[in-house]
Structure formats: C-alpha cells, structure tokens
1. Among rounded, prolate and oblate, which fits the chain when a ≥ b ≥ c are the square roots of the eigenvalues of its C-alpha gyration tensor, a/c under 1.5 means rounded, and a/b larger than b/c means prolate?
2. Compute the distance in nm between two label points, each set 7 Å from the Cα along the Cα-to-Cβ direction, one at Leu163 and one at Ala59.
3. Give me the net charge of Leu102's neighbourhood, meaning all other residues with Cβ under 9 Å from the Cβ of Leu102; Lys, Arg count +1, Asp, Glu -1.
4. About the Cα centre of the stretch 89-165, what is the dipole size in debye to 20, counting +1 per Lys and Arg Cβ and -1 per Asp and Glu Cβ, all else neutral?
5. If one computes the Cα centroid of the stretch 94-118 and of the stretch 71-89, what distance in Å separates the two points?
6. About the Cα centre, and with charges only on the beta carbon of Lys, Arg (+1) and Asp, Glu (-1), how big is the dipole of the chain? Nearest 20 debye, please.
7. Would you list, by chain and number, the lysines whose Cα falls below 29 Å from the Cα of Lys31, excluding same-chain residues fewer than 8 positions away?
8. Using the beta-carbon distance between Ser147 and Lys22 and R0 = 30 Å, what value does 1/(1 + (r/R0)^6) give for FRET efficiency, to the nearest 0.05?
Amino acid sequence: MAPAKSRKPRLALVGSDSLKGKEILSILAAKKFPLASLELFDPDVEEEYAKLGQFRGEARVVHGLSPAALEGLDLVFLAADEKTDLRYGRLAAEKGYTAIDLGESFNADPKVPLIVAGVNDAALRKERPALVANPHPATIMLAHILSTLGAGFGVAKAVSVVLEP
C-alpha cells in the first residue's frame, strides 16, 4: 500500500508590506515551499483589488482583512502592527487556523508558547497550540548558540547584552 500524500498547506500572510512580511515571502519563494495557496492581507486595504503584492514573480491581490477571510486556512503569519496581530492571533483557535506571531505581540503572554525552530519546537508536536510566538531575533540567535554549546559542552550560566540601534 502506497503512503498517503500529505496535503499542501493553505497559508496567509497578514502584513505583507512589513519588513517581516517581505522576509517571509522571500523565504517561502526561495525554499520553493509547496503551497496549496498563499493569500496576502493588509489591514489598511479597504477596497478589494486596490493593492497588489508579488510572490514568486507573480502579481498577487492584497486583500482587506476580516475574521471570516482567515477561516479555512492552515497557517497564518502575523506580521502587521501590534493591534492587528493581537486581534487575529486571539481568533486563531476560534477560526480553526494556526497563527505564528512574528511581531512579538504575544511574547509576554504566558499562555502563548515562545518557539525557536530547532531548539524547542518539539513542544509543538505534543500540544499543537493554535497560536505560537516568535521571540526577538537576538533571542533566536542566542538560543541556537546556547543550545548547541549546551549539547556539546554543557552551559551552567550565560550572560548577554544586546545593544540595538
């Protein structure tokens, strides 16, 4: 018996014009991530077909945002302003999609797991939360370094000072 084919995911990006949104689009395109669909959303779009984006060299309509627009999707990247990310992140479980907060809007919420891919992402396979948060980029880098050092040598204590422009 042949193994069942896994279904390609339906993705959405909220905040497609933000720097984080553009980076997500760039990574998805470069990695040739297999997608059933990718929808782009911007909270500032008021009229359908008023704004265009681009993905994999093709023009894409950037849609206005509403709770109903995200229903039926598998994964939603939240890369807009904090107010928008908070609103649509809180709707993830209710609307049946998984959301990843890229803007650090949920980092202080103890109910939302902070996940660093390759470091503590095993937690996702157990609990399958509807919403996860991405920590600050410096935290991601340090988590990878300390995780690698800890596995090879053990780390009793680490102190870091991060200066931002």
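1. prolate
2. The two pseudo-label positions are separated by 4.7 nm.
3. On the way: positive: Lys20; negative: Glu23, Asp85, Asp101, Glu104.
Counting the neighbours of Leu102, the net charge comes to -3.
4. Details: 7 positive and 7 negative charges, 54 e Å.
Approximately 260 debye in magnitude.
5. 10
6. Details: 20 positive and 21 negative charges, 189 e Å.
Computed about the Cα centre, the dipole is about 900 debye.
7. Partners within reach: Lys5, Lys8, Lys20, Lys22, Lys51, Lys95, Lys126.
8. Details: r = 28 Å, r/R0 = 0.93.
It comes out at approximately 0.60.
The values are calculated or read from the model by the stated rules, or taken from the named source; none is laboratory data. Model, not experiment: these values are computed from the prediction. Cβ sites come from the backbone with ideal geometry, for glycine too, and all protein chains shown count toward neighbours. Note: accessible area is taken over every heavy atom of the protein model, side chains too, but ligands, DNA and RNA are not part of it. Shrake-Rupley method; radii C 1.70, N 1.55, O 1.52, S 1.80 Å.
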